[in-house]
Amino acid sequence: LTLGGSLIGGLQWHFAAMWVVMTNGLAYLGYGLASGRLRRKLLPISPRAVLADLRAALSGRLGHEDLSYYNAVQRLLYLGVIADGVLVVLSGLAIWKPVQLRWLVALLGDFDTARLIHFGAMSAIVGFIVVHVAMALLVPRSLIAMIRGR
């Protein structure tokens, strides 16, 4: 089973999805920065708080009373996946148009390194999604909050 029927069809789907993902990401970042939501929800983060919340989470003692509050581990991971998304887009653009964007390719090392960065960054996003879904299933109330938006 292939998406697009062939390699070029798959690439066309990939490029079409790229514009949707990039537009959505720019809207999310633009709104989050302009409204101050990203700063309010994701900052500050301290290494001490991350370690404390990680220990509590691994021992099953991390509270989930207020789903609108992100603990330090969540803040770190959400900031990390946002940065990773930016890296995916930049490395993808470098791979897509290496001649026109040679400065971006050079910034990432070279074409082969840009490909490895793109693959690694996408793998990190997939890992984030797997962990995110697993955590949401462990706290079923969070699924209702995600759907309702509260």
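The values are calculated or read from the model by the stated rules, or taken from the named source; none is laboratory data. Bear in mind that the values here come from a model prediction, so they are computed numbers and not experimental data. Cβ coordinates were reconstructed from backbone atoms using ideal geometry, including for glycine residues, and neighbour counts include every protein chain displayed. Areas reflect the complete protein model, heavy atoms only, side chains present, ligands, DNA and RNA absent. Shrake-Rupley method; radii C 1.70, N 1.55, O 1.52, S 1.80 Å.
For this structure, a couple of remarks:
- Flag for Leu76 being over 20 Å from Val20 (Cα atoms), under 16 Å from the mean Cα position of the chain (by Cα) and open to solvent by 60 Å² or more (accessible area, probe 1.4 Å): yes
- Criterion violated by Val99 - all others in (1) in a loop (DSSP other than H, G, I, E, B); (2) open to solvent by 50 Å² or more (accessible area, probe 1.4 Å); (3) closer than 20 Å to Met22 by Cα satisfied: (3)
- Beta carbons closer than 6 Å, at least 6 apart along the sequence or on distinct chains, never pair a first residue in the stretch 17-33 that is under 15 Å from Val81 (Cα atoms) with a second that is modelled with pLDDT under 95 and of a type in the set (Asp, Glu).
- Applying a threshold of 8 Å to beta carbon distances and a minimum spacing of six or more residues, or different chains, the list of pairs starting in the stretch 90-109 at a residue that is among the hydroxyl-bearing types (Ser, Thr, Tyr) and ending at one that is modelled with pLDDT under 95 is empty.
Residue-wise test of (1) aliphatic (A, V, I, L, M); (2) under 30 Å from Pro140 (Cβ atoms).
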| site | (1), (2) |
| --- | --- |
| Gln12 | no, no |
| Ala16 | yes, no |
| Met22 | yes, no |
| Gly32 | no, yes |
| Arg37 | no, yes |
| Leu43 | yes, yes |
| Ser59 | no, yes |
| Glu65 | no, yes |
| Val73 | yes, yes |
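- Note on the stretch 57-78: residues that are part of a loop (DSSP other than H, G, I, E, B), of a type in the set (Gly, Ala, Ser) and more than 19 Å from Tyr28 (Cβ to Cβ) amount to 3.
- Among the candidates Leu104, Leu54, residue that is part of a helix (DSSP H, G or I) and within 22 Å of Ala136 (Cβ to Cβ): Leu54
- Within the stretch 1-50, considering residues that are of a type in the set (A, V, I, L, M, F, W, C), in contact with a helix residue (DSSP H, G or I) (Cβ under 6 Å, 6 or more places away or on another chain) and assigned to a loop (DSSP other than H, G, I, E, B), the one modelled with the highest pLDDT: Ile45
- Screening Val81 with (1) within 18 Å of Ile45 (Cα to Cα); (2) open to solvent by 40 Å² or more (accessible area, probe 1.4 Å); (3) part of a helix (DSSP H, G or I) gives one miss only, at (2).
- Within the stretch 8-56, the residues that satisfy the criterion of being over 17 Å from the mean Cα position of the chain (by Cα), of a type outside the set (A, V, I, L, M) and open to solvent by less than 80 Å² (accessible area, probe 1.4 Å) are Gly9, Gly10, Phe15, Ser35, Gly36, Ser46, Asp53.
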